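Novice: I am attaching a structure below and will ask some questions about it afterwards.
Throughout, read-outs are computed from the coordinates displayed, never taken from laboratory work. Nothing here was measured: the structure is a model prediction, and the numbers come from that model. Every residue, glycine among them, receives a Cβ derived from its backbone with ideal geometry; neighbour counts consider all protein chains shown.
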């Protein structure tokens, strides 16, 4: 499924999506962020800001000023909610908190929620390969799975949904869910170890399947108005990638890089490193299921083969 060509909102403008919900798109377009990071303003008096977005530096305060400028005279920002600690979602939270006095809510710091296997890979020195990690991120208030946050005329439930990132939260608001980077309409989510874990990703997709929703408001791109169909596509897409990897391993031993070059034949060269990380995420998942094995320790450069039956 490709990104819709008609999603091209103006930067810095608070557009109304539903009663009590507005969206401001940050000016950080890229192959990883599409048109830019979606920042949401929830409420009509006391506001929650969901995913303040990137902090470009002290000389570039455009997005911060856009958020503050969207606060009307009878309104104030009371909560800052962060889905996860990637550099395109969380860094501006500190400056926004300083400007408004609102506390920052999240699942935890950048290492929170990381699975044991990904912790081991990180301890080996595996890093990079994604949107970049906000290693200084530290929320004022940590949220537990299923914790309810109540504001002025609004209420959301925090749903721990790791996979794209260990500390990833989605926020359920009535029949809408703010899905961060777990589910987007314009592209499949990047799963890049050690920050991303495919086993967790599939679990999180299945979890969202049982939560009734009419719309997903994603971290990038347009609202997803067919949530169940989109989840079905994401799960099927991952299973198709898995089948391609297993097929390629039937007759040879391959590294994640070799498999990515073999499978992602239509991917532009600049995006192949991300594809390689996606393949490695599948290999780690398959290793955990005892379907494939590395030729030595589990590393990003290991050569993999099928486990003999």
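Novice: Give me the extension gain from residue 116 to residue 71: residue separation times 0.36 nm, minus the current Cα-Cα distance, reported in nm with one decimal.
Specialist: Fully extending the segment from residue 116 to residue 71 adds 12.0 nm.
Novice: At what distance in nm do the modelled label points of residue 229 and residue 56 sit from each other, each positioned 7 Å from its Cα along Cα→Cβ?
Specialist: Spacing of the two 7 Å Cα→Cβ label points: 3.6 nm.
Novice: Determine the equivalent ellipsoid of segment 5-117 by diagonalising the alpha-carbon gyration tensor, then write out the semi-axes as square roots of 5 times the eigenvalues, largest first, rounded to whole Å.
Specialist: 21, 18, 14
Novice: To the nearest 10 degrees, how steeply does helix 198-209 sit against the main Cα axis of the chain, on a 0 to 90 scale?
Specialist: Orientation of helix 198-209: about 50 degrees from the principal axis.
Novice: Suppose we keep just the DSSP beta bridges with both residues in the chain; what percent of those would be antiparallel, to 5?
Specialist: Antiparallel bridges: around 65 percent, rounded to the nearest 5.
Novice: Right, next: Between segment 32-66 and segment 202-255, what is the C-alpha centre distance in whole Å?
Specialist: Result: 27 Å between the Cα centres.
Novice: With N set to the residue count of the chain, report its C-alpha Rg divided by 2.2 N^0.38 Å to two decimal places.
Specialist: 1.00
Novice: When the helices in the chain are scored as -39500 (n - 2.57) per DSSP H run of 4 or longer and the sum is shared across all residues, what 222 nm value do you end up with, to the nearest 500 deg cm²/dmol?
Specialist: Computed ellipticity for the chain at 222 nm equals -8500 deg cm²/dmol.
Novice: Ok, one more. Eigenvalues of the Cα gyration tensor times 5, then square-rooted: what semi-axes does that give for segment 109-222, in whole angstrom, largest first?
Specialist: In descending order the semi-axes read 24, 16, 13 Å.
Novice: Can you tell me the 0 to 90 degree angle between the C-alpha axis of helix 227-248 and the longest principal axis of the chain, rounded to 10?
Specialist: Tilt of helix 227-248: around 20 degrees.
Novice: Using 7 Å Cα-to-Cβ label points, what is the residue 13/residue 244 separation (nm, one decimal)?
Specialist: 3.7 nm
Novice: Translational D (Stokes-Einstein, µm²/s) of segment 238-306 at 4 °C and 1.567 mPa s when Rh comes from the Kirkwood sum over C-alpha pairs?
Specialist: After rounding, the answer is 110 µm²/s.
Novice: If I model a spin label at residue 307 and residue 141 as a point 7 Å from the Cα along the Cα→Cβ vector, what separation in nanometres do I get?
Specialist: Once both label points are built, they end up 4.4 nm from each other.
Novice: Next question, about the same structure. Let's test the formula: R0 of 30 Å, r as the Cβ-Cβ distance of residue 188 and residue 150. What FRET efficiency results, to the nearest 0.05?
Specialist: The value I calculate is 0.35.
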